[in-house]
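Each remark here refers to the structure printed beneath this line.
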C-alpha cells in the first residue's frame, strides 16, 4: 500500500499548496519595490510605510481594534454566565435553549445580518460603532460559549468546596480558585472572538453607519476601486498577520491548559 | 472536655428523598470515628452537614461544644478530604498545602516551616515544586491529606478518600492514615462503604442504612454483636444467618434445623421471630467433634482453597447451607466435596438478633 500512501500524501500537499500559495504570493509582492504584481524587482517596505501614512487605514484599524475589544469583553462575560448556567444547573427546556444558543453558528451570516439590519431600523437604533459591536457579539458570544463550556464542564465543584473548608470566603474562592482554573478557557475564547470580529466583513457592512470603516471594509472598497495593488497586499498581509498571531496564542494557551 | 462533634436530631431531605433521618451521635476528642454504610445511605450528606457544605433542614450541629449550625463553612475550622481529592490543579504541591494557612494569614516563614513538617509526616519531602498531574495517585492522596491537616482543624472529615486507589495502596494507606491520626492527635471522621477499612482504622464505627444510624460501637462489638441482620451481613467477609425462634431460654429452633441448638438469648427476644448469626470462622469442622455446645452432622458441598484458609460450604439439617472458614494448617483441615463431616460451635459464638 506504499503507492496509495504516497498518493494520499501528495494529495494533502497539493491541497495545502492550493490553500496557502495565494497568501504567500500576496505577502511576497507586498514587499516588492515597484507596483508590478508579476515581476519582483527588489525588497522594500515602501508599501507598508505608505500604508501607515494613510489616515483612512489608521482610522479603520482603530475602529477594527476597538470594535474587536468591545465585542470580546461583552461576548466573554455573556458566555461565562451562559456556559455556567448551562453546565451547572438543570432547568426546564434546557436542551432547547442549548440548541438556540448554537444556531448562530449554522445560519448564514448574511441572513442574520439582514435580519439585524431590519431590526435595528425598526427599533431605531443608531448605526455606528455600537451597532457593529452588537452585530459581532451575537456570533462572538456563541463561539465563546462553545469554548468555555468544555472548560466549565471539566470543572469540579468540589474544588470550590475544598477552598471553603480551608477558610476562603466566596469572593476569595472565586478569585483564587474558580477564575484561575477557568482562565485558559477564557483566554482562548477571548482570542477566538477577537479574531472573528477583527476579520468580519458581512456583519460589519450591514450594521455600520455611513463613514464607519473597519480594516476588511477598507480592503474591500479599495480593491473594488483600484483593483489589486501592492498597497492592498500590504494591508491584507498586515490583517492576516494579526489574525495569525491571535490564533497562535490561542492554540498555545489551549495546549498548555490541557496539561493541567 | 467537650466532645469534638455532636449531632442532635439532624434531618436533611433532597426533595422526596430523606438522606439523613433524625441523626444523633457524638464523636469524642481525638477519636477515629467511621461512618460506615452502603452507597446512598446518607453518610456523605452527614459529613457535608458537619462541614457546613450542606444545611440540615432541622437539628443542631456542635463542634467542640459550640453550636455551629448557622456558621458558614470557612469559619468552622474543619478539614475535609474529598472523594475526588479536589486538588488545585493550577497550583503546585506547596501552594496547595499552604492555601489554608494563607487564608488564615499565617506569616510566610511559618507557612514554609509547617508545610515542610507536614510533607515530612507523609513522606513527600522535596516534592514542593511538583505540579499535581506529575504525582501518582497515592502521592496526590497524601497532598490532599496534608492540605486539610496543615491549618490544624478541630476535626478532619474524610469522604472515602481512598476510593480511587488500587487495592494494595489502599490497604497500605489505611494503616498509614491510622498512624498519622495518632501522630497528629486529631479527631477524624471517616466515611466509607468498605467495612474492612472501617474495622482496621476506627476507634468507633457508626453503621448507617437508609439515612439512619443503626448501631454505634467499637469494631469488635459491632462485628461480634450486630444489632440487626443487615449489620451482621454488611460487616465482615461473610455470615451465616438462620431464621427461627427461641421458645425457651437457651434453645433456638429453626425450620431448617433438625434439632434445637444451644444459644444465649435475651429475655425480650423469647417467642418472637429472630435470626441466629454465626460467623464462618467460628465454626469448627472435623470427621468427629467433641466438647462443643453444638455438634451437627454435615456434608461438604463445595470447597475453595484460598491460601490462608479453606472456604467450605456444608449442607446440614434440612437443606441448610453453612459457610465455614478453616485456617489452612495442613492435611487435617482439608476435605473434599461429598465428605461426611461434623461441624460445631459454642453458644458464645452465636448471636441472636431480632429480624429486620
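Kindly establish whether residue A:173 is assigned to a helix (DSSP H, G or I) and under 24 Å from the mean Cα position of the chain (by Cα).
So residue A:173 fails the test.
Condition test on residue B:12, is it over 23 Å from residue B:141 (Cβ atoms), touching a residue at least 12 places away in the same chain (Cβ under 8 Å), more than 20 Å from the chain's Cα centre (by Cα) and more than 13 Å from chain A (Cβ to nearest Cβ)?
Here the answer is yes, as residue B:12 does meet what is asked.
For residues that are in contact (Cβ under 8 Å) with a residue 24 or more places away in the chain and within 15 Å of residue A:101 (Cβ to Cβ), tally how many sit in segment A:75-91.
Quick first cut of segment A:75-91, residues in contact (Cβ under 8 Å) with a residue 24 or more places away in the chain only: A:75-76, A:78-80, A:82-84, A:86-88.
Imposing the further condition that a residue be within 15 Å of residue A:101 (Cβ to Cβ) reduces the set to A:75-76, A:78-80, A:82-84, A:86-87.
Selection size over segment A:75-91: 10.
Would it be correct to say that residue B:169 is touching a residue at least 40 places away in the same chain (Cβ under 8 Å), closer than 30 Å to residue B:42 by Cβ and in a helix (DSSP H, G or I)?
When the stated conditions are applied, residue B:169 does not pass them.
Look at residue A:153 and say whether it is closer than 18 Å to residue B:85 by Cα and either under 24 Å from the mean Cα position of the chain (by Cα) or away from chain B (no Cβ under 12 Å) (or both).
Spelling it out, residue A:153 is indeed closer than 18 Å to residue B:85 by Cα and either under 24 Å from the mean Cα position of the chain (by Cα) or away from chain B (no Cβ under 12 Å) (or both).
Could you list all residues from segment A:206-235 that are part of a helix (DSSP H, G or I) and in contact (Cβ under 8 Å) with a residue 60 or more places away in the chain?
Taking segment A:206-235 and keeping what is part of a helix (DSSP H, G or I), we get A:206-207, A:215-226, A:230-235.
Matches in segment A:206-235: A:206, A:207, A:215, A:216, A:217, A:218, A:230, A:231, A:233, A:234, A:235.
Scanning for something more than 23 Å from residue A:71 (Cα to Cα) and at pLDDT below 85, does segment A:233-252 turn up at least one residue?
yes
In segment A:159-175, what residues are at the interface with chain B (Cβ under 8 Å from one of its Cβ atoms) and surrounded by fewer than 19 Cβ atoms within 10 Å (Cβ to Cβ)?
Residues of segment A:159-175 that are at the interface with chain B (Cβ under 8 Å from one of its Cβ atoms), as a first pass: A:159, A:161-169, A:172.
Scanning segment A:159-175 gives A:169, A:172.
Looking for something over 20 Å from residue A:54 (Cβ atoms), modelled with pLDDT of 90 or more and touching a strand residue (DSSP E or B) at 6+ places or on another chain (Cβ under 9 Å) - is there at least one such residue anywhere in segment A:165-175?
Scanning segment A:165-175 turns up at least one residue that is over 20 Å from residue A:54 (Cβ atoms), modelled with pLDDT of 90 or more and touching a strand residue (DSSP E or B) at 6+ places or on another chain (Cβ under 9 Å).
Within segment B:39-75, take every residue that is touching a helix residue (DSSP H, G or I) at 6+ places or on another chain (Cβ under 7 Å) and part of a loop (DSSP other than H, G, I, E, B) and give me the one that is farthest from residue B:177 (Cα to Cα).
Step by step, filter segment B:39-75, then rank; the result is B:56.
Residue check, residue B:165 against (1) within 25 Å of residue B:267 (Cβ to Cβ); (2) surrounded by fewer than 18 Cβ atoms within 10 Å (Cβ to Cβ); (3) assigned by TED's automatic domain parsing to the domain that holds residue B:41, all met but one. Which one?
The failed condition is (1).
Restricting to segment B:140-166, what's the tally of residues that are away from chain A (no Cβ under 14 Å) and assigned to a loop (DSSP other than H, G, I, E, B)?
3
Hey, any hits in segment B:53-71 for a residue that's touching a residue at least 12 places away in the same chain (Cβ under 8 Å), at the interface with another protein chain (Cβ under 9 Å from one of its Cβ atoms) and within 30 Å of residue B:13 (Cα to Cα)?
Scanning segment B:53-71 turns up at least one residue that is touching a residue at least 12 places away in the same chain (Cβ under 8 Å), at the interface with another protein chain (Cβ under 9 Å from one of its Cβ atoms) and within 30 Å of residue B:13 (Cα to Cα).
So which pairs qualify, if the first residue must be in segment A:100-123 and modelled with pLDDT under 90, the second must be loosely packed, with under 12 Cβ neighbours inside 10 Å and in a helix (DSSP H, G or I), the Cβ gap must be under 9 Å, and the two must be at least 6 apart or on different chains?
If the second residue must be loosely packed, with under 12 Cβ neighbours inside 10 Å and in a helix (DSSP H, G or I), no pairs are left.
Just checking, how many residues over segment B:88-98 are facing another protein chain (nearest Cβ under 8 Å) and under 29 Å from residue B:193 (Cβ atoms)?
Total meeting the criteria: 2.
Looking at residue B:241 and the list (1) surrounded by 18 or more Cβ atoms within 10 Å (Cβ to Cβ); (2) in contact with a helix residue (DSSP H, G or I) (Cβ under 9 Å, 6 or more places away or on another chain); (3) assigned to a strand (DSSP E or B), which single condition is not satisfied?
Going through (1) surrounded by 18 or more Cβ atoms within 10 Å (Cβ to Cβ); (2) in contact with a helix residue (DSSP H, G or I) (Cβ under 9 Å, 6 or more places away or on another chain); (3) assigned to a strand (DSSP E or B) one by one, residue B:241 breaks only (1).
Going by the conditions given, is residue B:58 assigned by TED's automatic domain parsing to the domain that holds residue B:204, modelled with pLDDT of 90 or more and crowded, with 21+ Cβ neighbours inside 10 Å?
no
Which of the residues spanning segment B:104-139 are assigned to a helix (DSSP H, G or I), more than 13 Å from every other protein chain (Cβ to nearest Cβ) and within 26 Å of residue B:166 (Cα to Cα)?
The answer is B:118, B:119, B:120, B:121, B:137, B:138, B:139.
Would a scan of segment A:181-193 turn up a residue that is part of a helix (DSSP H, G or I), within 14 Å of chain B (Cβ to nearest Cβ) and surrounded by fewer than 17 Cβ atoms within 10 Å (Cβ to Cβ)?
Checked against the condition, which is being part of a helix (DSSP H, G or I), within 14 Å of chain B (Cβ to nearest Cβ) and surrounded by fewer than 17 Cβ atoms within 10 Å (Cβ to Cβ), segment A:181-193 yields at least one hit.
The values are calculated or read from the model by the stated rules, or taken from the named source; none is laboratory data. The shown structure was predicted, so the numbers you read here are calculated from the model rather than taken from an experiment. Counting neighbours? That spans all protein chains shown, and the Cβs are built from the backbone with ideal geometry, glycine included.
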